[in-house]
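The values are calculated or read from the model by the stated rules, or taken from the named source; none is laboratory data. All values reported here derive from a predicted model rather than from experimental measurement. Here the Cβ positions follow ideal geometry from the backbone for every residue, glycine too, while neighbour counts run over all protein chains shown. The area values use the complete protein model at the heavy-atom level, side chains included, leaving out ligands, DNA and RNA. Shrake-Rupley method; radii C 1.70, N 1.55, O 1.52, S 1.80 Å.
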Amino acid sequence: MPATVVIGGQWGDEGKGRVVDLIARDASVIARYSASNNAGHTIINQLGLFALHVVPAGIFYPDKTCIIGNGVAVDPAVLLEEIDSIEARGVNTDRLFVSDRAHVIMPYHPIIDRLDEEMRGAAAVGTTGRGNGPVFADKVARMGIRMGDMIDPEAFRARLSIVLPYKNAVLTKLYDAPALDLEEVLTTYGEYAKRLAPRVCDTSVIARDALERGEHILLEGAQGALLDLDGGTYDYVTSSVPSSTAAGAATGLGIGPASIKNIVGVYKAYMTRVGNGPMPTELLDETGQILRMQGPRPEIGTTTGRPRRTGWFDAVASRYSVALNSVNSVALTRLDVLDPFPSIQICTAYKIDGATVTTPPASITAFERAVPQLEEMPGWMEDCTSARKFEDLPENAQKYVNRIEALIGSPIDIVSVGPEREQVIIRNGSR
């Protein structure tokens, strides 16, 4: 069977983990292929609520192999804490493996991340402070340390002996921060290495072998396409390499791109964003606050704990990300959050300096001047959380879903009406 990629179609936090958990039932291998613990997925199952930052969402299926691919940057302390946490709740992690090519978040990375944000002042990007930007900057600058290095004591010492003096110079001379001690870092990360070494291997071989056997592989994206380094709202984007779009999936796992046939884009029924950057449909009034707090899970960042910015569905940005990723199936999440609204609006175009624009501009200053052109639709003001078939939804909810489908140009095959596993409508069987 071919591989399937699940990507976020907006600015992250679309509910990818919930969709991966659903699709993972039919896969034998589930793999994270990008970002780091700066991204988080929330899963609710029979064991309760889990917030995952590194471990793939397929970990709750005991018969699945889970991979942290070479495109992920790994903070070993965070990974071990996450493993311990889910094991303590009865989840078996014996089939979790980490790529030996994955880069390691070192102690200087989050320090530099936070200090750099402080130095930027009003121009701060709004990073999570987890070290994501600095670790991927080191990857591109060929100064990174990989998992394969970390589990080899001699190679790790040799590599860190070269890199750490440079990083200490940056810390002390640029940021006026204290230097890190080589032996302390070696000792701390040496302990991490002892525990993680049995999991570290060439995970691309696991993935390719599964494909050769005709098994289904599910590639789990992190963050969102509108945060992509090239395709997103630069410079308010992620630093993750490879791309947070579907194009980065094959690179981030180490398989050929021809293996990928299905690309599922996950979109909220409205927009959210964490951190700074343009968001044309943002609501700064009571409506935005209702969107943020409505439903069983308020719009609070899984990783950062920061309140998310909220706004009406942006069909311009969403249609762009459908095209950018060749999305051939859409999962629309959190439709139930819109239950109490008497009317709902959708952005169908922007006005920028008097001109109508139907695709996001590359210029960040132009994007910040974009005025959303809104189409109003009647709400349904009914509880839709018990719907399990599309025709069970209120009529106006069906019209809203169909209108979004028409505007973004890709079929909506999954509609989520609540956080629980069973609160989902599968449309493709009835199309």
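Would you say LEU291 is surrounded by 17 or more Cβ atoms within 10 Å (Cβ to Cβ), within 23 Å of ALA349 (Cβ to Cβ) and at pLDDT below 95?
On the way: surrounded by 17 or more Cβ atoms within 10 Å (Cβ to Cβ): yes; within 23 Å of ALA349 (Cβ to Cβ): yes; at pLDDT below 95: yes.
It is true that LEU291 is surrounded by 17 or more Cβ atoms within 10 Å (Cβ to Cβ), within 23 Å of ALA349 (Cβ to Cβ) and at pLDDT below 95.
Among what's in region 337-348 and is open to solvent by 10 Å² or more (accessible area, probe 1.4 Å) and in contact with a strand residue (DSSP E or B) (Cβ under 8 Å, 6 or more places away or on another chain), pick the residue that is nearest to ALA315 (Cα to Cα). Before you say what the answer is, go through the steps one by one.
Taking region 337-348 as the starting set, the residues that turn out to be open to solvent by 10 Å² or more (accessible area, probe 1.4 Å) are 339-343, 345, 348.
This time we only want the ones that are in contact with a strand residue (DSSP E or B) (Cβ under 8 Å, 6 or more places away or on another chain), so: 342-343, 345, 348.
Values: PRO342: 20, SER343: 17, GLN345: 11, THR348: 5 Å.
That would be THR348.
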What are the residues in region 294-316 that are among the charged types (D, E, K, R) and either without any contact (Cβ under 8 Å) to a residue 40 or more places away in the chain or open to solvent by 30 Å² or more (accessible area, probe 1.4 Å) (or both), if any?
ARG297, ARG306, ARG309
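Restricting the search to region 349-361, which residues are open to solvent by 40 Å² or more (accessible area, probe 1.4 Å) and either touching a residue at least 24 places away in the same chain (Cβ under 8 Å) or on the phi > 0 side of the Ramachandran plot (or both)? Steps first, please.
Filtering region 349-361 for residues open to solvent by 40 Å² or more (accessible area, probe 1.4 Å) gives 351, 353-356, 358-359.
Of everything in region 349-361, those that are open to solvent by 40 Å² or more (accessible area, probe 1.4 Å) and either touching a residue at least 24 places away in the same chain (Cβ under 8 Å) or on the phi > 0 side of the Ramachandran plot (or both) turn out to be ASP353, GLY354, THR358, THR359.
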Could you check region 281-337 and list, in sequence order, the residues that are hydrophobic (A, V, I, L, M, F, W, C) and part of a helix (DSSP H, G or I)?
ILE290, LEU291, MET293, ALA315, VAL316, ALA317, VAL322, ALA323, LEU324, LEU335, VAL337
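Have a look at ALA269, ALA246 and point out the one that is touching a Leu at 6+ places or on another chain (Cβ under 6 Å) and in contact (Cβ under 8 Å) with a residue 40 or more places away in the chain.
Values: ALA246 fails: touching a Leu at 6+ places or on another chain (Cβ under 6 Å).
Exactly one residue qualifies, and that residue is ALA269.
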Inspect region 177-184 for any residue being open to solvent by 50 Å² or more (accessible area, probe 1.4 Å), touching a residue at least 40 places away in the same chain (Cβ under 8 Å) and hydrophobic (A, V, I, L, M, F, W, C) and give the result as yes or no.
no
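State yes or no: is GLY277 within 21 Å of TYR234 (Cβ to Cβ), part of a loop (DSSP other than H, G, I, E, B) and touching a residue at least 12 places away in the same chain (Cβ under 8 Å)? If you could, list the steps in order and put the result at the bottom.
On the way: within 21 Å of TYR234 (Cβ to Cβ): yes; part of a loop (DSSP other than H, G, I, E, B): yes; touching a residue at least 12 places away in the same chain (Cβ under 8 Å): yes.
Yes: the conditions hold for GLY277.
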Residue among ASP138, ASP149 that alone is in contact with a Lys or Arg (Cβ under 7 Å, 6 or more places away or on another chain), outside any loop (DSSP other than H, G, I, E, B) and of a type in the set (D, E, K, R):
ASP149
Read through the list (1) part of a helix (DSSP H, G or I); (2) under 21 Å from the mean Cα position of the chain (by Cα), then give the number of the only condition that ALA155 fails.
(2)
Of all residues in region 88-127, which are open to solvent by less than 40 Å² (accessible area, probe 1.4 Å), among the polar types (S, T, N, Q) and either in a strand (DSSP E or B) or under 12 Å from SER239 (Cβ atoms) (or both)?
SER99
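Mind listing whichever residues of region 60-87 are open to solvent by 50 Å² or more (accessible area, probe 1.4 Å) and either of a type in the set (Asp, Glu) or within 19 Å of ALA193 (Cβ to Cβ) (or both)? Lay out the reasoning, then the answer.
So the first thing to find is which residues in region 60-87 are open to solvent by 50 Å² or more (accessible area, probe 1.4 Å), and the list is 62-63, 81, 84-85, 87.
Listed by number, the residues that qualify are ASP63, GLU81, ASP84, GLU87.
Tell me which residues, restricted to region 148-162, are open to solvent by less than 50 Å² (accessible area, probe 1.4 Å) and either aromatic (Phe, Trp, Tyr) or touching a residue at least 24 places away in the same chain (Cβ under 8 Å) (or both).
Selection gives GLY148, ASP149, MET150, PHE156, LEU160.
Only one residue in ALA331, ALA323 is touching a residue at least 40 places away in the same chain (Cβ under 8 Å) and either buried (at least 21 other Cβ atoms within 10 Å of the Cβ) or in contact with a Gly (Cβ under 6 Å, 6 or more places away or on another chain) (or both), so which one is that?
Working: ALA323 fails: either buried (at least 21 other Cβ atoms within 10 Å of the Cβ) or in contact with a Gly (Cβ under 6 Å, 6 or more places away or on another chain) (or both).
Every option except ALA331 fails the conditions.
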Does PRO134 qualify as being modelled with pLDDT under 95 and closer than 27 Å to PRO56 by Cβ?
yes
Identify, please: which residue in region 393-422 is touching a residue at least 60 places away in the same chain (Cβ under 8 Å) and farther than 23 Å from TYR320 by Cβ and is, among those, surrounded by the most Cβ atoms within 10 Å (Cβ to Cβ)?
VAL417
For region 185-230, what are the residues that are touching a strand residue (DSSP E or B) at 6+ places or on another chain (Cβ under 7 Å), surrounded by 18 or more Cβ atoms within 10 Å (Cβ to Cβ) and of a type in the set (D, E, K, R)?
ARG199, GLU220
Filter region 31-48 for residues that are part of a strand (DSSP E or B), of a type in the set (A, V, I, L, M, F, W, C) and touching a residue at least 60 places away in the same chain (Cβ under 8 Å); the one that is most open to solvent (accessible area, probe 1.4 Å) is ILE44
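Given the residues LEU227, LEU338, LEU291, LEU253, which is the only one that is touching a Gly at 6+ places or on another chain (Cβ under 7 Å) and closer than 19 Å to TYR400 by Cβ? Break it down into steps so the answer makes sense when it comes.
Working: LEU227 fails: closer than 19 Å to TYR400 by Cβ; LEU291 fails: touching a Gly at 6+ places or on another chain (Cβ under 7 Å); LEU253 fails: closer than 19 Å to TYR400 by Cβ.
When all the criteria are applied, what remains is LEU338.
If you take the residues of region 3-39 that are of a type in the set (Ser, Thr, Tyr) and at pLDDT 90 or above, which of them is farthest from the chain's Cα centre (by Cα)? So that I can check it myself, show each step before the final result.
Restricting attention to region 3-39, the residues satisfying the condition of being of a type in the set (Ser, Thr, Tyr) are 4, 28, 33-34, 36.
Going one step further and asking which of them are at pLDDT 90 or above, we end up with 4, 28, 33-34.
Details: THR4: 16, SER28: 21, TYR33: 10, SER34: 8 Å.
That would be SER28.
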Checking ALA258 against (1) small (Gly, Ala, Ser); (2) at positive phi; (3) open to solvent by 20 Å² or more (accessible area, probe 1.4 Å), the condition it does not meet
(2)
